[in-house]
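Coordinate-derived values only; no laboratory data. Nothing here was measured: the structure is a model prediction, and the numbers come from that model. No Cβ is skipped: glycine too gets one built from the backbone with ideal geometry, and neighbour counts run over all protein chains shown.
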Amino acid sequence: MGDAEIIPIGTRGRPGRGQGSGRPSAASRSLAGGTRKTGPAKERPAARPADAEADPSADSPRPQPASTTEPPAAEVREVPAAARRRPPARTEERTPGSGIPARDWLAAFQSASRELFGDQWEPQLARFLAFLRRRVTGDYVVDEYGFDQEITERFFMTALRPIAQKWFRIEVRGIENIPSEGGALVVSNHSGTIPVDGLMTMVTIHDHTGRFLRPLGADLVFKSPVVSTLARKGGTTLACNEDAERLLRGGELVGVWPEGFKGIGKPYAERYKLQRFGRGGFVSAALRTQVPIIPLSVVGAEEIYPLVANLPSLARVLGLPYLPITPLFPWLGPLGMVPLPSKWLLEFGEPIRTDEYDAGAAEDPMLVFNVTDEVRETIQSTLYSLLVQRQSVFR
C-alpha cells in the first residue's frame, strides 16, 4: 500500500498527464471561447503509455476536469478579408405601388370584372356607372305616388327573383288573363303571417308580363320609418278609393288583398279559408273606372310561417295587429324568421268584366256585395282545386 501510485481524480494517467495526449480535452474545448477552425484531422498516437495500460482504472470513463486554458491560436476561425470589406445591408425606400406595374393592376381588374359580370362586363359596368351618375345628380323620374321604376327594376326585383324561383319555386297559371295594357284590378287571398305573398306576386307579374303591379297597402305600412320609404319606391300606395281609382284610370295594374291583417294573421288551423272581404271598396273602384277584376289564388304562402299562437296583449303594446308565435319563432331567434321553402302555385282566374254595368252601379250596395261575393267564391274554389293538385307542401 505504501508503494502504490496515487492518481488524482479526473485523470487517466500520472499527475500532469491529463488524458495522456497533447491536445485539450473535450470539456475544455467546449468551455473555451471563440470558434475552432476546421482543419485536417490530427494523427492519433499509436500506443498509450505502458503504465496507463497497466492501470485497470484507465479503461473506465471518468469525468473530465474543467479547464480555463484558451485553445491554441491556430484553432480560432479567421474571418475572410472579403467578408470584412462587405458594406452593411441597407433598406431601400419605395414609393407606394411601385412594386406592381400598372398593366398588371389593369389585368387584375379586368379579370375580376369578367368573373363578376361575365364576358359582357364592360357594357354592364358602363350602365352601372351611368346609374350611379343619375342617382347622384338627381336625373331620375319618380311619379306622384313616389314610385321609382329604376330602383324597383334594378334592385327590388333583382333581390326578390331568386327567392321566387329558387326558394318557393313558384308555378304560374293563367298569366294570359292579365291584360298587356290598360287598367286592371288584381284581387288575391292573403296569408303567410308576414305579407310575403304580395312581394312574390309583384315579381311574378313583372317577370311574365313586364308590367309593374301597384299594391294598395294598409296604414301600418306607411307608419313604419324604413318600410314606408321602400314601399313608396316599390310602387305601393295607400289603400283608399281615391288613389286606387286614380291609378286605374291612369292605366296601371293595381293589386289588392281584401282580407287584410285578418288573412295573414289567422292561425294555421284555418289555412286557406278566406276571411271576410271587407265592405267591397275595391269593387266600387273597379265599377267606377270600368276595369276588369282578375281573381288570384295563391297556394303555398300559408306554410312559410305556420302561426300556432298569438300574443294580443303584447301586440297592442307594440302597436301591432298581432304578434305571431310559430314553431321556430321566437325560439330560434333570427333564424326562426327564415321562411320555410314551401311549393307555391299562383293561378290567375278569368277577368270579371265591369264595363257592362251602368255608371251609377258603384252606388248600388247590393250590386257591390254580389260582385264582391263572386270574386271571393272564385278565389276560394280555385284554392281548393290547387290544394288537390299539389303533391305535397314542399314539392
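At 0.36 nm per residue, and after removing the present C-alpha to C-alpha distance, how many nm does the segment from Leu238 to Phe369 gain when stretched out fully? Write out the running numbers ahead of the final one.
On the way: separation 131, 0.36 × 131 = 47.16 nm, distance 2.27 nm.
Here the answer is 44.9 nm.
For Leu238, list long-range residues whose amide hydrogen, built 1.01 Å from N in the peptide plane, is under 5 Å from its own amide hydrogen.
Sorted by chain and number, the residues that satisfy this are Gly217.
If you average the C-alpha positions of region 286-317 and of region 140-154 separately, how far apart do those two centres end up, in angstrom?
Result: 26 Å between the Cα centres.
What list of ³J(HN,Hα) values in whole Hz, one per residue of region 308-323 in order, does the Karplus curve 6.51 cos²θ - 1.76 cosθ + 1.60 (θ = phi - 60°) give from phi, with Gly and Pro shown as x?
Taking θ as phi minus 60°, the curve returns 9, 7, 9, 10, x, 5, 5, 5, 5, 5, 7, x, 10, x, 6, 10 Hz for region 308-323.
Could you give me the ³J(HN,Hα) list for region 272-288, computed from phi with Karplus coefficients 6.51, -1.76, 1.60 and θ = phi - 60°, whole Hz, x at Gly and Pro?
6, 10, 5, 8, 5, 8, x, 9, x, x, 5, 5, 4, 5, 5, 5, 5
For Leu318 and Val172 in one chain, what is 0.36 nm times their gap in residues minus the Cα-Cα distance, to one decimal in nm? Please list the in-between numbers first.
Numbers: separation 146, 0.36 × 146 = 52.56 nm, distance 3.72 nm.
Length gained, Leu318 through Val172: 48.8 nm.
Quick one: of Lys223/Lys262; Lys233/Lys262; Lys233/Lys266; Lys166/Lys343, which pairs are farther than 22 Å apart, Cα to Cα?
Values: Lys223/Lys262 19 Å; Lys233/Lys262 26 Å; Lys233/Lys266 29 Å; Lys166/Lys343 10 Å.
Long pairs (Cα-Cα over 22 Å): Lys233/Lys262; Lys233/Lys266.
Amide H of Arg173 versus every other amide H placed in the peptide plane: which residues, excluding those fewer than 5 positions away on the same chain, fall under 5 Å?
Under 5 Å from the amide H of Arg173 lie the amide H atoms of Leu346, Glu347, Phe348, each far enough along the sequence or on another chain.
Can you pull the one-decimal nm distance between simple spin-label points at Arg103 and Gln290, each 7 Å off the Cα toward Cβ?
Label-label distance for Arg103 and Gln290, simple model: 7.1 nm.
Please list the non-local residues whose amide H lies under 5 Å from the amide H of Gly255, H modeled 1.01 Å from N, same-chain partners needing a gap of 5 or more.
Here the answer is Val186, Arg214, Leu216, since their amide H atoms fall under 5 Å of that of Gly255.
What's the extension gain from Val308 to Glu150 if we count 0.36 nm per residue and subtract their Cα-Cα distance?
52.9 nm
Taking 25 Å as R0, compute the FRET efficiency from the Cβ-Cβ separation of Val338 and Val388 and round it to 0.05.
On the way: r = 29 Å, r/R0 = 1.15.
After rounding, the FRET efficiency stands at 0.30.
Could you give me the ³J(HN,Hα) list for region 237-253, computed from phi with Karplus coefficients 6.51, -1.76, 1.60 and θ = phi - 60°, whole Hz, x at Gly and Pro?
Per residue, the Karplus-derived 3J(HN,Hα) values read 10, 4, 6, 9, 4, 4, 5, 4, 5, 5, 5, 5, 5, x, x, 8, 9 Hz.
Distance from the Cα centre of region 179-197 to that of region 331-384, in angstrom?
Between the Cα centres of region 179-197 and region 331-384 lies a distance of 8 Å.
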